[in-house]
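No value in this document is a laboratory result; all are computed from the given coordinates. Just so you know, these numbers come straight off a predicted model, no measurement behind them. As a convention, Cβ positions derive from the backbone with ideal geometry for all residues, glycine included, and neighbour counts pool all protein chains shown.
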C-alpha cells in the first residue's frame, strides 16, 4: 500500500500558455496573472503560501517572472523563502466563484 499525499492533485486538461505578466495586488492580497492567450486569473496569496509551505509571517519582497521560458513566476519573501508558482497551478485550479 502506497501512502497518499494530500497535496498532490491529478493533472487536468489545461493547455499550456506562457505567462505574459504577473503582479501582486496588496489591497486584495492576491496575484494578478495574465497569459499570452488573454486569460487572466486573480490567485489568492493564501493558496500560494499553503502550496509552497511559506511561513505566515513572511512578507513579500519581490515577484519575478521566469524570463527564459515564461512558464512560472517566483515570489521572494523577507525570510529567504521562495515560492515557485507554475502555469499549471494557476490554470488547472482556478479560484471558485464567490457567493
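Observations
- Residues 59, 54, 90, 39 arranged by fewest to most Cβ contacts within 10 Å: 59, 39, 54, 90
- Ranked for footprinting exposure by Cβ neighbours inside 10 Å, fewest first, 53, 13 give 13, 53.
- Value of Rg/Rh across the stretch 20-92 [Cα atoms, Kirkwood radius]: 0.93
- With each label modelled as a point 7 angstrom along the Cα→C-beta vector, the residue 64-residue 37 pair spans 2.9 nm.
- Sorted fewest first by neighbouring Cβ atoms within 10 angstrom, 31, 16, 89 come out as 16, 89, 31.
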